[in-house]
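The values are calculated or read from the model by the stated rules, or taken from the named source; none is laboratory data. From a predicted model like this one, the values you see are computed outputs, not experimental measurements. Virtual Cβ from ideal backbone geometry, glycine too; neighbours counted across all protein chains shown. Protein only, heavy atoms only, side chains kept; ligands, DNA and RNA dropped before computing areas. Shrake-Rupley method; radii C 1.70, N 1.55, O 1.52, S 1.80 Å.
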Amino acid sequence: MNEHVLIVDDEKEIADLLEIYLKNDGYIVHKFYNGTDALRCIREQTIDLALLDVMLPDTDGFQICRQIRQQYFFPVIMLTAKVEDGDKIMGLTIGADDYITKPFNPLEVVARVKTQLRRYVRYNHAACEANAEASEEYDIRGLFLNKSMHKCTLYGEEIALTPIEFSVLCYLCKHQGKVISAEELFEAVWDEKYLDNNNTVMAHIGRLREKLHEPARKPKFIKTVWGVGYTIE
């Protein structure tokens, strides 16, 4: 089955170019130049991945990403001409899975799309695998995770987590009591080599703490061991 990819970019030349490359690779493309039409498409069509430009005429990619994450778990890749770390961290914090700055090579975008879709399929089908690991459950002071059902609850209230957020939390729970470095966590969850100054783990930890209603100064669950990593005691 061919995956459906959403492109949202008000620069017509860029959107058209990405459409050509993605269609040549067999993807079904839904292309829009504004956020309003894109959000309507998301509600009416099954989307497997979204490419969102940050700057749009009627809204911005961050706002669209927030709305997507309220209901959907498919991968989101942000496209932007901005290069500031703050923008990248913001995108990752609100639920984006990757971030590409303009100008870019369309072939690189296609490669990133393939990588994110591959991860998405792996995470969403992991619960269906008949092995012992898939049936893991964790219950830590009111925080409950069921890996086979991909379910997380806090004091009985279900918490909506993206596949990557769930995997990060699950890895920390699995190694409860051990301090996990950002490098180990990144390589275990993202299955890529960790590079220095990579803020991806920090951004996702921040997002998890927000969803778990963790106080900034004294988190109850995910604690930072400065200079070492993260732990759930």
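Points to keep in mind about this one:
- For beta carbons closer than 6 Å, sequence separation of 6+ or different chains, a first residue in the stretch 140-158 that is within 19 Å of His175 (Cα to Cα) and a second that is acidic (Asp, Glu), the qualifying pairs are Asn146/Glu137; Lys147/Glu136.
- The condition of being assigned to a helix (DSSP H, G or I) and out of contact with any strand residue (DSSP E or B) (no Cβ under 9 Å at 6 or more places or on another chain) holds for Glu13.
- Being within 17 Å of the chain's Cα centre (by Cα) and among the acidic types (Asp, Glu) holds for only one residue in Asp37, Asp97, and it is Asp97.
- Evaluation of Glu3 against the conditions (1) open to solvent by less than 50 Å² (accessible area, probe 1.4 Å); (2) among the acidic types (Asp, Glu); (3) touching an Asp or Glu at 6+ places or on another chain (Cβ under 6 Å) shows that the sole unmet condition is (1).
- Count of residues meeting criterion [farther than 18 Å from Tyr21 by Cα and assigned to a helix (DSSP H, G or I)] in the stretch 92-117: 2
- Every residue from the stretch 20-57 that is among the small types (Gly, Ala, Ser) and within 16 Å of Asp10 (Cα to Cα): Gly35, Ala38, Ala50
- Any hit, the stretch 189-202, residues being touching a strand residue (DSSP E or B) at 6+ places or on another chain (Cβ under 8 Å) and among the polar types (S, T, N, Q): no
- Scope the stretch 133-178; condition open to solvent by less than 30 Å² (accessible area, probe 1.4 Å), out of contact with any Cys (no Cβ under 9 Å at 6 or more places or on another chain) and more than 16 Å from Arg207 (Cβ to Cβ); matching residues: Gly142, Thr153, Cys173
- The residues of the stretch 35-70 that are closer than 12 Å to Leu6 by Cα and in a loop (DSSP other than H, G, I, E, B), listed by number, are Gln45, Thr46, Ile47, Asp48.
- Failed item in (1) closer than 20 Å to Ile68 by Cβ; (2) at pLDDT 85 or above; (3) polar (S, T, N, Q), with Thr93 passing the rest: (2)
- For the stretch 16-34, the tally of residues that are of a type in the set (A, V, I, L, M, F, W, C) and not in a helix (DSSP H, G or I) stands at 3.
- Contacts under 8 angstrom Cβ, first residue in the stretch 43-69 being closer than 17 Å to Thr162 by Cα, partner open to solvent by less than 30 Å² (accessible area, probe 1.4 Å) and of a type in the set (Phe, Trp, Tyr), 6 or more apart: Ile47/Phe74; Asp48/Phe74; Leu49/Phe74; Ala50/Phe74; Ile68/Phe74
- Among the residues of the stretch 174-233, the one identified as among the hydroxyl-bearing types (Ser, Thr, Tyr), in a loop (DSSP other than H, G, I, E, B) and either within 21 Å of Tyr138 (Cβ to Cβ) or touching a residue at least 24 places away in the same chain (Cβ under 8 Å) (or both) is Ser181.
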